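Worksheet: the structure to be examined is printed underneath.
The values are calculated or read from the model by the stated rules, or taken from the named source; none is laboratory data. Keep in mind the model is a prediction, meaning the values are calculated, not measured. Neighbour counts run over all protein chains shown; Cβ positions are idealised from the backbone, glycine included.
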Amino acid sequence: MKGHDIIIVGAGIIGMSSAYHLQKNNPNKKILVIDKETGAGQGNTAKAAGMFRNTFSSRTSQILSDTSINFYSHLQNEMNYDIRLIKTGYLWLLSKRQLDEYSPTIKKMMKHGIEIKILKKDELKKIPKLNLELNKNREETKYLGLENIHKGLLGTKCGELDQSELVKFYKEEFEKWGGETHFNTKVHGFIITPKNEFGVAPFVWQNPKINGVTTENGEVYGDKIVLATGAYSHELLNPIGIDSHSRPKKRQLFQLQGSNLEELLYVKGFNEEGILPFTILPKSGVYVKPDETGKGFWTGCADDLGRPFSLDVTPEKSFYEFNIRPILTKYLPQFENARIVNKLAGLYACNTIDGNPYVFEKYGLIVISGCSGSGIMKADAIGRIVDALYRRKGEAELYGNVKFRVSDLGIEKRNVENEEFMI
């Protein structure tokens, strides 16, 4: 297989968004997407919670997510492509200490027009049986280090969507524009050749470049290679000495059902849908996501210290039992008798320095990585930036005619703020 202008490795949400924008803006180019899975979005994209938000501390994250959300809303409301987008909101339940700590971030978000509300205790009492005031004399409360809920922070331009439908849109449109996909095809490495054809090995004096990939089905050549494998990037980059600037870390989701949970699902006053927002508890980032179909909830939390960087994606029931459940049941007692009916584990491509994505080019290879768990909510903007980098544009035009300097997500001229409002 030869003669492609662009080869994209990885058909997750980032890879397919990039493929769509590249093909749309370069209709005469022959573009191929390769993925080891059976279809688009079957890897870590499928194992994500499917949430979106623009409530970030860094201006970079705000712009990437806000413009992407605007495009997703346009896709559903004006283009009538149902990605099941619902703006249920993100609700942070904060202690007094946390509210004081996040105050500068909250002010920054308000300054930049991010849609947020500060909710008082009376408004939070709409949530059935929510324990705003914990018994501080109880040994368990002290042992777990739990704090009372002081106020809530509600992000209103936040919610959920069906990531499989979003990926499907990008794939279908990419193929309509002439794009090609090869699934069930694992990429083993890159082909490095000299820019001139003198010699057979890429010696340093030959100005070598990457112009193809080796797969289980043979070699595939292309003028430009795009790596969009997220948490797996280092597997292909380490052997050729390029730093992915991200590390893989497991994140887990648990689906819970129980006879007492339905009263938590439908809570009026937070959104037009009349359901509980995606809610983050004050301790350890434990969150709950309403699951109307299953009449229950999904829950999870990030664990950093003690969790190795690895490619392990085995869900651990014990993680729920000993890490999440003790916190969850103290604030929301309805979960006391909840049972696990499903569990998933995927990988974050963690940018351990500033929490923002990387989009950079080296030796003819464009690398996208470090989305740090926010790939879905920033995917459209990142795809447009990849296309701009390919076309040698200094600025990418994000949805809504928002200009973004391409080099800001690069390495040499990187210009981003640290993202401090992560879950």
- Message: Go through (1) more than 17 Å from the chain's Cα centre (by Cα); (2) under 22 Å from F169 (Cα atoms); (3) not in a strand (DSSP E or B) for S65 and report which single condition fails.
- Response: (1)
- Task: Inspect the range 372-386 for any residue being among the charged types (D, E, K, R) and more than 20 Å from the chain's Cα centre (by Cα) and give the result as yes or no.
- Result: no
- Hey, among the residues in the range 297-314 that are modelled with pLDDT of 95 or more and crowded, with 17+ Cβ neighbours inside 10 Å, which one's farthest from T156 (Cα to Cα)? V313
- Query: Limited to the range 285-313, what total is found for residues that are closer than 15 Å to Q252 by Cβ, without any contact (Cβ under 8 Å) to a residue 60 or more places away in the chain and of a type in the set (S, T, Y)?
  - Reply: 1
- How about the range 36-62: which of its residues are under 30 Å from I149 (Cβ atoms) and assigned to a loop (DSSP other than H, G, I, E, B)? A48, A49, G50, R53, N54, T55, F56, S57, S58
- Query: Of these, N351, N356, N323, which one is surrounded by fewer than 18 Cβ atoms within 10 Å (Cβ to Cβ) and either more than 17 Å from V9 (Cα to Cα) or at pLDDT 95 or above (or both)?
  - Reply: N323
- Query: Does N207 count as crowded, with 19+ Cβ neighbours inside 10 Å and either modelled with pLDDT under 95 or not assigned by TED's automatic domain parsing to the domain that holds K330 (or both)?
  - Reply: no
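Residues are listed down the side, and each one gets a yes or a no for (1) among the charged types (D, E, K, R); (2) in contact (Cβ under 8 Å) with a residue 12 or more places away in the chain:
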| position | (1), (2) |
| --- | --- |
| K151 | yes, yes |
| T156 | no, yes |
| K171 | yes, yes |
| H182 | no, yes |
| V187 | no, yes |
| F203 | no, no |
| T215 | no, yes |
- Query: For L332, are the conditions met, namely being crowded, with 19+ Cβ neighbours inside 10 Å and either farther than 25 Å from L93 by Cβ or outside the structural domain of A228 (by TED's automatic domain parsing) (or both)?
  - Reply: yes
- Query: Restricting attention to the range 287-296, does a residue exist that is assigned to a loop (DSSP other than H, G, I, E, B) and modelled with pLDDT of 95 or more?
  - Reply: no
- Can you tell me which residues in the range 164-196 are of a type in the set (D, E) and crowded, with 17+ Cβ neighbours inside 10 Å? E165, E173
- Answer with yes or no whether E101 is without any contact (Cβ under 8 Å) to a residue 12 or more places away in the chain and in the same structural domain as K283 (by TED's automatic domain parsing). yes
- Message: Take the conditions of a type in the set (A, V, I, L, M, F, W, C), surrounded by 14 or more Cβ atoms within 10 Å (Cβ to Cβ) and farther than 25 Å from Q42 by Cα and apply them to L161. Does it pass?
- Response: no
- Message: So L119 passes all but one of these: (1) surrounded by 14 or more Cβ atoms within 10 Å (Cβ to Cβ); (2) farther than 30 Å from Q76 by Cβ; (3) under 30 Å from the mean Cα position of the chain (by Cα); (4) not assigned by TED's automatic domain parsing to the domain that holds A40. Which condition number does it fail?
- Response: (2)
- Item | Qualifying residues in the range 68-97 (those that are part of a loop (DSSP other than H, G, I, E, B) and in contact with a Phe, Trp or Tyr (Cβ under 7 Å, 6 or more places away or on another chain)) - the one surrounded by the most Cβ atoms within 10 Å (Cβ to Cβ) | G89
- Which fully enclosed strands (runs of 3 or more DSSP E) of the range 165-279 have 1 or more residues being in contact with a Gly (Cβ under 7 Å, 6 or more places away or on another chain)? 187-194, 208-215, 218-227, 247-257
- Message: Looking at S17, S58, can you tell me which residue is touching a residue at least 12 places away in the same chain (Cβ under 8 Å), under 30 Å from I116 (Cα atoms) and either aromatic (F, W, Y) or surrounded by fewer than 24 Cβ atoms within 10 Å (Cβ to Cβ) (or both)?
- Response: S58
- Going through (1) of a type outside the set (D, E, K, R); (2) not in a strand (DSSP E or B); (3) not assigned by TED's automatic domain parsing to the domain that holds I225 one by one, A379 fails only at (3)
